[in-house]
Amino acid sequence: MVATAKLDPAEIERLTKSVDDMKYLPIDDVVTLLQQGGSCLEHLGVSRHDAAVVGITPDAVRQLLLALLRVPAQIEELTADPLPEPIAKDEARKYAIARVEAAGIAQKLGKAAEKREATYEIYRELVAASTDPVLTRQILLSAETPSMPLQLERGETLPEVKPLPRALPSSKVHDVLLRVRNVDEESSVALVRLVGPINPSAIALEGLMESVLPMTFNTTNRSVVRRLLAAQLIDQPVKFRVQITRALRHSDGRLTRLSYKGLTMTSAQRTVVSSEAQQLCLELETSTD
């Protein structure tokens, strides 16, 4: 689809004139301006016989999302109906504290990452120890690009929050129950369903139950490949030992993955493997395909 018309500079100036003196523009007002601009475009001499819609490029969408800020609620321009002053000041104070703590956590994790010592457990522990863990986590995870220090009206400057790694490894290996769905030797990845943890209190496993996850393995070790194929063959939950890497943001969920460290089958499962293998051999011997 090729763009056929754009707003001219004079029209853009007219639409944005009322917001020139504002420090921050509420997102609802941004949507209203986009709708007004869209309405203007719809009447820019496009033939009524031509099908056309008002759109925006993906790059422009990314720039809008990158420009989003969470700012103290007491700033006048943020709302036509500001919060009562005591509440607004309290919210601003909470944000300022969380921002300072988030900046400190990001700095600590950054230094640990340089030494290859940053782990998912350290990240969770640092956030949990903050004054407002929910708000601190929101600030940390919203900093996907380097943020500038935030200057408040009263002259106070809040520190920048450096972006966190997109994913962090667990500090330990974990024993889990997995059901193997597929083993791909070419990509060295098996798809597995996490049926349950052996240690229910493991922080790195929170929220992953019943998830289908990729598990990397060493294809040069034929013993490992055979074990995985055997686990797939019996289609039962099998005890695995794995390393876990957890994505920090939902949008990076594909980075959450397991790494194979070993598996242990029960005697009953080994019997099933043997039985299935014998049956497969018989079927191959009698196959006419």
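Read the figures in this text as sums done on the coordinates, not as results from a lab. Keep in mind that this is a model prediction, so the values were computed, not measured. Note: ideal-geometry Cβ built from the backbone for every residue, glycine included; neighbour counts use all protein chains shown.
Where does each of 54-61, 168-175 land if you order them by average Cβ count within 10 Å, highest first?
In decreasing order of mean packing, 54-61, 168-175 become 168-175, 54-61.
Enumerate the residues in region 252-275 having an amide nitrogen under 15 Å from the point lying 7 Å beyond the Cα of L177 toward its Cβ.
The answer is 264-269, whose backbone nitrogens lie closer than 15 Å to the label point.
Fully extended, how many nm does the chain gain between A128 and R93 (0.36 nm per residue separation, minus their Cα-Cα distance)?
Going from the current span to full extension adds 10.7 nm.
Want the number for N221 to L68: 0.36 nm per residue separation, take away the alpha-carbon distance, what's left?
Fully extending the segment from N221 to L68 adds 50.2 nm.
So what are the ³J(HN,Hα) numbers for region 274-283, from phi and the Karplus equation (6.51, -1.76, 1.60; θ = phi - 60°), rounded to whole Hz, Gly and Pro as x?
Running phi through 6.51 cos²θ - 1.76 cosθ + 1.60 with θ = phi - 60° gives 4, 5, 5, 5, 5, 5, 5, 4, 5, 5 Hz.
Quick one: what are the phi-derived ³J(HN,Hα) couplings along region 120-128, Karplus 6.51/-1.76/1.60 with θ = phi - 60°, whole Hz, x for glycine and proline?
5, 5, 4, 4, 5, 5, 5, 5, 4
Past 27 Å, Cα to Cα, is the threshold; run K94/K162; K172/K239; K115/K239; K108/K172; K115/K172; K162/K239 against it and keep the listed order. Can you show the working numbers first?
Working: K94/K162 20 Å; K172/K239 16 Å; K115/K239 32 Å; K108/K172 20 Å; K115/K172 17 Å; K162/K239 39 Å.
The answer is K115/K239; K162/K239.
Could you please report the charge total around T256, scoring K, R as +1 and D, E as -1 over all other residues with beta-carbon less than 11 angstrom from its beta-carbon?
Once all neighbours under 11 Å are counted, the net charge is +4.
Quick query: amide H of L263 versus all other amide H atoms, modeled in the peptide plane; which residues come in under 5 Å with a sequence gap of 5 or more or a different chain?
Under 5 Å from the amide H of L263: R241.
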